[in-house]
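**Q** Below you'll find the structure I mean.
The values are calculated or read from the model by the stated rules, or taken from the named source; none is laboratory data. In this text the structure is predicted, and so the values were computed from the model without any measurement. Positions of Cβ are generated from backbone atoms using ideal geometry, with glycine treated the same way; all protein chains shown enter the neighbour counts.
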Amino acid sequence: MSHAVISCLHANLAACEAVLADNDQQGIDTITCLGDLVVYGPQPNEVIDLISERSIPSCQGCWNEDINDGLNACECSYPSQLAERRGHRAHHRAAERITKENKAFLASLPMTLSRDRWLFVHGSPNSQHEYLLPDMNAFAALERVETAGADTLFCGHTHQPYVRELSEGSIRVSVEKNGNDSDLEQEMTLPMRRIVNAGSVGEPRHR
């Protein structure tokens, strides 16, 4: 069975239709979306309707949360003041356009989805606002996957697609006993773990 993972649609209907058409042509059986259906693009309602009509399971995403909880709920970091102003304008534009029914749909989306030992999140298992960048510290990256109880973690949010394999990882815990010079130390070796970032359908960083 083939499975497609998409993320960060950002109200870009033309891009969503193109990606879904490509999936259909390839005979993809199931699709999972990692959130951020809205903001920045011009057609938030149409994108939400498309995902809903096709019954594509989706995580919530930080901008989906922002639309319901208010500006800056996203807690997204911006590379510049110009980018921040653009984000604020995009929020206000989307908030005015999205229907009441679609806002309720966004609010109903879960923070995470799971399938066997696969975990689907928008940002990270800790927070949908956290960026799991490809050069993240290896121990921290392994910790995110392992503590979530997953073999493979699918994420988006960064708009940078990548696959990162974390092999031969180990976690060492040292416990200092009170009044005793000796420490209790344990080390656990972990099997292969993997992080897959799906990039962005609606606003890829590579344009």
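**Q** Looking for whichever is closer than 24 Å to residue 15 by Cβ, modelled with pLDDT of 90 or more and assigned to a helix (DSSP H, G or I) here; the options are 67, 56, 51. Which one fits? It would help to see each step written out before you state the result.
**A** Values: 67 fails: modelled with pLDDT of 90 or more; 56 fails: assigned to a helix (DSSP H, G or I).
Exactly one residue qualifies, and that residue is 51.
**Q** On to the next question. Among the numbered criteria (1) surrounded by fewer than 15 Cβ atoms within 10 Å (Cβ to Cβ); (2) assigned by TED's automatic domain parsing to the domain that holds residue 12; (3) among the charged types (D, E, K, R), which one does residue 93 miss?
**A** It fails just one condition, (1).
**Q** Of everything in the stretch 47-63 that's farther than 17 Å from residue 120 by Cβ and of a type in the set (A, V, I, L, M), which residue is surrounded by the fewest Cβ atoms within 10 Å (Cβ to Cβ)?
**A** 50
Per-residue answers, yes or no, for (1) farther than 28 Å from residue 11 by Cβ; (2) at pLDDT 90 or above; (3) buried (at least 20 other Cβ atoms within 10 Å of the Cβ):
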residue: 111; (1), (2), (3): no, yes, no
residue: 117; (1), (2), (3): yes, yes, no
residue: 128; (1), (2), (3): no, no, yes
residue: 133; (1), (2), (3): no, yes, no
residue: 138; (1), (2), (3): yes, no, no
residue: 188; (1), (2), (3): yes, no, no
residue: 202; (1), (2), (3): no, yes, yes
residue: 207; (1), (2), (3): no, no, no
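**Q** Further, regarding this structure: Can you find a residue in the stretch 64-84 that is touching a strand residue (DSSP E or B) at 6+ places or on another chain (Cβ under 9 Å), touching a residue at least 12 places away in the same chain (Cβ under 8 Å) and surrounded by 13 or more Cβ atoms within 10 Å (Cβ to Cβ)? Break it down into steps so the answer makes sense when it comes.
**A** Here is the first cut: in the stretch 64-84, the ones touching a strand residue (DSSP E or B) at 6+ places or on another chain (Cβ under 9 Å) are 64.
Now narrow it down to the ones that are touching a residue at least 12 places away in the same chain (Cβ under 8 Å): 64.
Within this subset, residues satisfying the condition of being surrounded by 13 or more Cβ atoms within 10 Å (Cβ to Cβ) are 64.
The answer is yes; a qualifying residue exists.
**Q** Further, regarding this structure: Taking the stretch 140-150, which residues are surrounded by 15 or more Cβ atoms within 10 Å (Cβ to Cβ) and assigned to a loop (DSSP other than H, G, I, E, B)? Before you say what the answer is, go through the steps one by one.
**A** First, the residues of the stretch 140-150 that are surrounded by 15 or more Cβ atoms within 10 Å (Cβ to Cβ): 141-146, 148, 150.
Across the stretch 140-150, the qualifying residues are 148, 150.
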